[in-house]
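Asks: Supplied in structure tokens, the structure appears directly below.
The values are calculated or read from the model by the stated rules, or taken from the named source; none is laboratory data. Quick caveat, the model's predicted, so the values are computed rather than measured. Heads up, the Cβs are rebuilt from the backbone with ideal geometry, glycines too, and the neighbour counts pull from every protein chain shown. For accessibility, only protein heavy atoms count, side chains too; no ligands or nucleic acids. Shrake-Rupley method; radii C 1.70, N 1.55, O 1.52, S 1.80 Å.
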Amino acid sequence: YFGCMWVTDPATGKVRRLSYSMKDPEFEKIYRQFLTAAWENARRNNWTKYAYHYIWDESSGDAWNRLHLLSKKFVPELKNLAVGYDLKKMDETVRDAVDIYVPLSSRFDRKFTEERVAKGDEMWAYVCVVPKDRYNLFIDHEAFSHRALLWWFRDRDLSGLLYWGVCVWDRASQAKNEGRVWPDAVWEANQFPDGNGDGFLLYPDLKKREIYGSLRLAVLRDGLEDMEYFLLLNGQIAQAKNSSSDLDRAW
């Protein structure tokens, strides 16, 4: 969130906290250096195709707008990702600085999606502790709900699913201030009382140093494989349309 940054001292290996404010005169310099270094690291490792800048989570307003505009100014090739945004607080200049829009699934706007995709942007969506009345990844939901989530994405031509906290294991598996870990410590699989399993699709055994997949993750994979079938079908349809065979074109 750029209220602070944790850095590792290469000489000692110790981690320390650097704090500063967006109002500081040197903020833009630090921000530019950070983005430039991150992008260079991505280029060096051939990650540019997959890289995006997750600037701020579920936020909108002047500070959020400024970060997007500066990011696009400093490293224009790096995609900016906007999660849980408020369109009323984004003027057209800021909207054009965003490359990947990620609304909460229950707030999906088809008209806005079509407008942004026509301009070359990507449109994803996300689920978290909400929505509860439709497809999500809660432990309490039927497995059908997890698989149908991907069909819901397909129906709306969304190209990405964002799901938070899959690797934030210490919150669930480690007893605070006791040094015990799961299975000796109780697994707390809810960040919020009404979001059972939210953010946890994997279960780490820190003693055996193994990771176990959840049933929900397996069902989500089935949904992803369904999407692959749709992509294959699209390819077959395109091939049939361009075929010289009357039978193929009719099909």
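Asks: Could you state the accessible area per residue of the chain in Å², with a 1.4 Å probe and every protein chain left in place? List each step's numbers first, then the result.
Replies: On the way: 15820 Å² over 251 residues.
Per residue, the chain has an accessible area of 63 Å².
Asks: How large is ³J(HN,Hα) for each residue in the stretch 95-107, as worked out from phi by the Karplus curve 6.51 cos²θ - 1.76 cosθ + 1.60 (θ = phi - 60°), to whole Hz, x for Gly and Pro?
Replies: Those phi angles translate into 4, 6, 7, 9, 10, 10, 9, 9, x, 4, 4, 6, 10 Hz.
Asks: I'd like the distance between the alpha-carbon centres of the stretch 181-246 and the stretch 71-97, rounded to an integer number of Å.
Replies: Going from one Cα centre to the other spans 29 Å.
Asks: Just for the chain, what percent of DSSP beta bridges are antiparallel, to the closest 5? Mind dumping the intermediate values first?
Replies: Values: 11 of 24 bridges.
Roughly 45 percent of the beta bridges in the chain run antiparallel, per DSSP.
Asks: Kindly provide the helix-only [θ] at 222 nm of the chain, computed as the sum of -39,500 (n - 2.57) over DSSP H runs of four or more divided by all residues, to the nearest 500 deg cm²/dmol? Walk me through the numbers before you get to the answer.
Replies: Working: 8 runs with 95 residues, N = 251.
Result for the chain: -11500 deg cm²/dmol, rounded to the nearest 500.
Asks: Further question: Of the cross-linked pairs LYS29/LYS49; LYS23/LYS73; LYS14/LYS208; LYS49/LYS79; LYS119/LYS241, which ones have a Cα-Cα span greater than 20 Å in the structure shown?
Replies: Working: LYS29/LYS49 26 Å; LYS23/LYS73 18 Å; LYS14/LYS208 27 Å; LYS49/LYS79 10 Å; LYS119/LYS241 27 Å.
Exceeds cut-off: LYS29/LYS49; LYS14/LYS208; LYS119/LYS241.
Asks: Hey, another quick one. Which peptide among 42-49, 4-11, 138-145 comes first, and what is the full order, when sorted by highest mean count of other Cβ atoms within 10 Å?
Replies: Values: 42-49: 11.0, 4-11: 9.0, 138-145: 14.2.
Output ranking for 42-49, 4-11, 138-145: 138-145, 42-49, 4-11.
Asks: Over the stretch 87-208, what is the percentage of antiparallel beta bridges among all DSSP beta bridges, to the nearest 5?
Replies: On the way: 2 of 8 bridges.
Of those bridges, close to 25 percent are antiparallel.
Asks: Regarding the chain, what are the three Cα extents along the principal axes, ordered largest first, in Å?
Replies: Between the extreme Cα coordinates on each principal axis of the chain lie 72, 49, 37 Å.
Asks: If you plug each phi of the stretch 189-201 into the Karplus form 6.51 cos²θ - 1.76 cosθ + 1.60 with θ = phi - 60°, what whole-Hz ³J(HN,Hα) values come out, in order, with x for Gly and Pro?
Replies: Working through the residues one at a time gives 8, 9, 5, 10, x, 10, x, 5, x, 4, x, 10, 10 Hz.
Asks: Non-local amide H neighbours of ILE55 (under 5 Å, H modeled in plane, Pro and chain starts lacking H): which ones?
Replies: It is LEU81, by chain and number.
Asks: If you roll a 1.4 Å probe over the chain with all protein chains in place, what percent of the accessible area is carbon or sulfur?
Replies: Details: 8300 of 15820 Å².
With neighbouring chains kept in place, the figure for the chain is 52 percent.
Asks: Could you pull out every residue, at least 5 positions away or on a different chain, whose amide H is within less than 5 Å of the one on LEU202? Hs are placed 1.01 Å off N in the peptide plane, and Pro or chain starts have none.
Replies: Residues meeting the amide H criterion: none.
Asks: Over the chain, calculate the relative contact order: mean separation of alpha carbon pairs under 8 Å at least 6 apart, over the residue count, as a percent.
Replies: Values: 315 pairs, mean separation 26.5, N = 251.
It comes to 11 percent, rounded to a whole number.
Asks: Could you sort ASP62, ASP96 by accessible area so the largest value comes first, with the probe set to 1.4 Å? Spell out each step's value before the answer.
Replies: Values: ASP62 135, ASP96 85 Å².
Of ASP62, ASP96, the descending order of accessible area is ASP62, ASP96.
Asks: Give the relative contact order (percent, whole number) for the stretch 7-72; include only Cα pairs under 8 Å separated by 6+ residues. Let's see the in-between values first.
Replies: Values: 22 pairs, mean separation 12.5, N = 66.
Taking the mean separation of contacting Cα pairs over the length of the stretch 7-72, I get 19 percent.
Asks: Give, rounded to the nearest 20 debye, the magnitude of the charge dipole that the stretch 49-204 has about its Cα centre when Lys and Arg contribute +1 at Cβ and Asp and Glu contribute -1 at Cβ. Working shown, then result.
Replies: Working: 21 positive and 25 negative charges, 65 e Å.
In total the dipole reaches around 320 debye.
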